[in-house]
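A.B. asks: The following block contains the structure, expressed as structure tokens.
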Amino acid sequence: MSETNTAPKPGGESDRATSGVEIRLENVTKQYGGQRHPAVDSVTMTIPAGETVVFVGPSGCGKTTTMKMINRLIEPTSGRITVGGQDVLRLNPDELRRGIGYAIQQVGLLPHLTVSQNVGLVPGLIGWDKSRIAERTEEMLDLVGLDPAEYRDRFPKQLSGGQQQRVGVARALAADPPVLLMDEPFGAVDPITRGNLQDELMRLQEEMGKTIVFVTHDFDEAVKLGDRIAVLGYQSKILQYDTPEAILANPADETVAGFVGAGAALKQLTLRRVRDIELEQLPTATAGEEPAAFAARLGGRRGAVGLVLDERGRPLRWVTRRDLDRSGSLATAGRPVEDSVDRASTLQDALEALLTADAGYAVVTRSRGQYAGVVGLDSLMGTIRALREQYEDEDGTPDGRPGDGPGGSDGGSGAAHA
Amino acid sequence: MPDTTTAERAGFSADSGSRRSERLRLFTEPVVVLAILGAVLVWAFTGDLDDIEAREINAANILTLTWQHVQITLAVTAIVLLVAIPLGILVTRPWAKGVAPIVLGIANMGQAAPALGLLVLFFLLTQQTGFWVAVIPIAFYALLPVLRNTMVGLQQVDQSLLEAGRGIGMSRFTVLRRIEFPLAVPLMLAGLRTSLVLAVGSATLAFFIGGGGLGELIDVGYKLRRTSVLVVGAVLSAALALLVDWLGGLAEQLLGPKGLR
């Protein structure tokens, strides 16, 4: 079986610097001697330059084997792999690997070498001179958030798990390879450290634009890090290869749906930011105004909610018509605004704020805390509905109108039509 | 050291008890050994010596025999290092998996057979006497600890380190040279230390086939019933064994990779 999977380019990413190169796998198969079924069966896929592609699938499905064939730690039985147009099977494997960053779950720092010696390994193998290696090592430690002066001369066992993994990433990047292979690199650290390392990797990738192949069995990690996700099944069969948005909105089959797991809609909210949707506006008043005047503006509709702002435009209190009728001053009417989100927050954060503020809205503020608008439940539901419809349309399902619900007007919609 | 942790600064040591006692031993052992040796020598030299005793217990003879003993030990060590370490490396390569148990079996036999038996057998086989006829069987006898520790030392290196090494573009040989070998050094040194002690002990048997060494003093003292000669020979060879063991311990402390200590 052979399939061509070339997912459309995700939208909104084109402004990112790209130093990566394209990787192509063509009918790549790995058959171990003495086994009836191949471990990896005729995989064909294109990993676009400068993107993070996450291989996700159950353990034993062949995702790690597939990845290791790219740098020939495992030799493919048949098929063709090119990195930046070069056939890897024609290159010297050691030289090939020096040009591909490699980070693994066990980190694999050499315990008898210092942090800086570990980071400088690949530049040393390539033959950089000492001063250039030293300079690069400092730069890399800085990049991954470790103070060179403090950590340079430490040995690996004097570092925490998270710090070791940072050094591992620094080592993988030291020779500035266009391609980075990462095999469950954050699998062995605690959840908080893992979250930090993921954020860090995304920040680095924003600057570098490498081609990253990332293997994990954690779908949430895949959604967070991937520009695209390849959901792999048994023998590395590609069940779905698409953007996280598309997979969440429209899993290709039961298996993928099972892997996506419960809460797909909630996960979709983590992919959208407040700035991606249109904000709603509520009537506002400053704290010094007369309650009666504001009540008139709020109108008589039941459940109508307004916001009281302070003199610098920052949200202060939620008020309803009934609050205004009962209170003598806007400064004390209604309930205080306890939580707010900004434009960079995810829609999941907005939902959280919405659920805890009993007004039924999440307040969105600008950079100095001034009121910008609100997000209501309707906008959130509209966003999710739009996403679903958009990816159903792409499948040719003759269902519904084009995906242009409230707030669905930018962001991921580019992914479907680019 | 720049890497003192807060715990160490607060007066706690991360060292296990055995490592601390090992360090204590490194300081006290040579002092005690030299003191006992000095006392025995003073006792022997100042005693009333008859002709036979005087012929054996004199500076020239003792120094010659001790030097022969040291030479045998050095030669044995050199052979052990030159044979056991390369052999250990060879049989731990992935393609030599099948050979490893055979090689280890032969080395086990070498150590299981009595050293004296090996010496005599080798003498019968070669019909020769002298230094090398003594050195070769003793080396065979003392080979096992270094061989076995080299093999274990290389095998116990974490697979993920080898994979990381290969993954970042090291050749197989570079992985051996820069990862496996340095990480196996502590165990190799421990094996060497045991081999050295075996070598010093077995070297007392070299006199049987004309190889010289401190065994001659023990032999003369025993056969001619001269206790002082017997004691000097025995104490000297024991002291030599302890000092060699001490040197081995020192090497373990100083030559092991720093990041592992």
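A.B. asks: Could you work out the relative contact order of chain B, using alpha carbon pairs under 8 angstrom and six or more residues apart, expressed as a whole percent?
C.D. replies: 25 percent
A.B. asks: Taking the simple approach of a point 7 Å from Cα along Cα-to-Cβ for both B:Lys258 and A:Glu278, what is their distance in nm?
C.D. replies: If labels sit at B:Lys258 and A:Glu278, their model points lie 6.5 nm apart.
A.B. asks: On to the next question. Could you give the size of the charge dipole of the protein assembly as shown about its Cα centre, using +1 on the Cβ of each K and R and -1 on the Cβ of each D and E, expressed in debye and rounded to the nearest 20?
C.D. replies: Numbers: 65 positive and 76 negative charges, 280 e Å.
Dipole of the protein assembly as shown, to the nearest 20 debye: 1340 debye.
A.B. asks: Okay, moving on. Have a look at B:Leu192, B:Ala206, B:Leu147 and report the one farthest towards the positive end of the charge dipole of the stretch B:17-260, computed about the Cα centre with Cβ charges (Lys/Arg +1, Asp/Glu -1).
C.D. replies: Among B:Leu192, B:Ala206, B:Leu147, the one farthest towards the positive end of the dipole of the stretch B:17-260 is B:Leu147.
A.B. asks: For the protein assembly as shown, with the dipole built from +1 on Lys and Arg beta-carbon atoms and -1 on Asp and Glu ones, taken about the Cα centre, which of A:Met381, B:Leu242, A:Pro177 lies farthest toward the positive end?
C.D. replies: Positive-end residue among those listed: B:Leu242.
A.B. asks: Largest first and to the nearest Å, give the Cα extent of the stretch B:17-260 along each principal axis.
C.D. replies: Cα extents, longest axis first: 74, 46, 25 Å.
A.B. asks: Rounded, prolate or oblate, given the Cα gyration tensor of the stretch A:69-154, with a/c below 1.5 counting as rounded?
C.D. replies: Numbers: a/c = 2.68, a/b = 2.09, b/c = 1.28.
In terms of gyration-tensor shape, prolate.
A.B. asks: Something else now. Quick one: compute a quarter of the convex hull surface over the Cα atoms of the stretch A:250-346 and quote it in nm². Provide the component values of the computation, followed by the final result.
C.D. replies: Working: hull surface 34.6 nm².
That works out to 8.6 nm².
A.B. asks: Output the relative contact order of chain A, whole-number percent, from Cα pairs under 8 angstrom with separation of 6+ residues. Don't jump to the answer; show the numbers that get you there.
C.D. replies: Numbers: 837 pairs, mean separation 69.0, N = 418.
Worked out over chain A, it gives 17 percent.
A.B. asks: Still on this model: When the helices in chain A are scored as -39500 (n - 2.57) per DSSP H run of 4 or longer and the sum is shared across all residues, what 222 nm value do you end up with, to the nearest 500 deg cm²/dmol? Working shown, then result.
C.D. replies: Numbers: 17 runs with 149 residues, N = 418.
About -10000 deg cm²/dmol.
A.B. asks: I've got another one for you. About the Cα centre of the stretch A:142-185, what is the dipole size in debye to 20, counting +1 per Lys and Arg Cβ and -1 per Asp and Glu Cβ, all else neutral? Display every interim value, and only then the final one.
C.D. replies: Values: 5 positive and 7 negative charges, 33 e Å.
Approximately 160 debye in magnitude.
A.B. asks: Still on this model: Using a Förster radius of 51 Å, what is the FRET efficiency between A:Ala17 and A:Glu289 based on their Cβ-Cβ separation? Nearest 0.05, please.
C.D. replies: Once the sixth-power term is evaluated, E becomes 0.55.
A.B. asks: Report the extension gain between B:Leu63 and B:Ile36 in nm, rounded to one decimal, defined as 0.36 nm multiplied by the number of residues separating them, less their alpha carbon distance. Each step should come with its number before you reach the end.
C.D. replies: Working: separation 27, 0.36 × 27 = 9.72 nm, distance 1.75 nm.
Length difference between fully extended and current span is 8.0 nm.
A.B. asks: Right, something else. Can you give the three extents of the C-alpha atoms in the stretch B:207-261 along their principal axes, from longest to shortest, in whole Å?
C.D. replies: Each principal axis gives a Cα extent; for the stretch B:207-261 these are 55, 23, 9 Å.
A.B. asks: While we're here: Of the options A:Gly20, B:Met170, B:Thr73, report the single residue whose Cα projects farthest towards the positive end of the charge dipole of the protein assembly as shown (beta-carbon charges: Lys, Arg +1; Asp, Glu -1).
C.D. replies: Going by the Cα projections, it comes out as B:Thr73.
A.B. asks: Let me ask something additional. Evaluate the distance, in nm, between pseudo-label points positioned 7 Å from the Cα of A:Tyr32 and of B:Thr28 along their respective Cα→Cβ axes.
C.D. replies: Between A:Tyr32 and B:Thr28, the simple spin-label model gives 5.4 nm.
A.B. asks: Let me ask something else. Compute the projected area of the convex hull of the Cα atoms of chain A, averaged over all viewing directions, and report it in nm² to one decimal place.
C.D. replies: Working: hull surface 99.1 nm².
Averaging across all directions leaves 24.8 nm² for the Cα convex hull.
A.B. asks: Right, something else. Out of all DSSP beta bridges in the protein assembly as shown, what portion is antiparallel? Express it as a percent rounded to 5.
C.D. replies: On the way: 30 of 55 bridges.
If I count the DSSP bridges inside the protein assembly as shown, around 55 percent turn out antiparallel.
A.B. asks: Applying 1/(1 + (r/R0)^6) with R0 = 22 Å to the Cβ-Cβ distance of A:Gln86 and A:Glu207, what FRET efficiency is obtained, to the nearest 0.05?
C.D. replies: Values: r = 25 Å, r/R0 = 1.14.
Here the calculated transfer efficiency is 0.30.
A.B. asks: Something else about it: Placing unit charges on C-beta atoms (Lys and Arg positive, Asp and Glu negative, everything else neutral), compute the dipole magnitude of chain B about its Cα centre in debye, rounded to 20. The partial results should precede the final answer.
C.D. replies: Values: 19 positive and 17 negative charges, 198 e Å.
Roughly 960 debye, rounded to the nearest 20.
A.B. asks: Taking 0.36 nm per residue of sequence separation and subtracting the Cα-Cα distance, how much length would be gained by fully extending the chain between A:Arg322 and A:Ala304, in nm to one decimal? Mind dumping the intermediate values first?
C.D. replies: Values: separation 18, 0.36 × 18 = 6.48 nm, distance 0.94 nm.
Here the answer is 5.5 nm.
A.B. asks: Give me the one-decimal nm value for the distance between modelled label points at B:Leu125 and A:Ala344, 7 Å along each residue's Cα-to-Cβ direction.
C.D. replies: 7.7 nm
A.B. asks: Same structure, new question: Any idea what angle helix A:191-208 forms with the longest principal axis of chain A, computed on alpha-carbon atoms, 0 to 90 degrees, nearest 10?
C.D. replies: 80 degrees
Bear in mind that the values in this text are calculations on the coordinates, not laboratory data. Since we're looking at a predicted model, the values are computed, not measured. In this analysis, Cβ positions are derived from the backbone assuming ideal geometry, glycine residues included, and neighbour counts consider all displayed protein chains.
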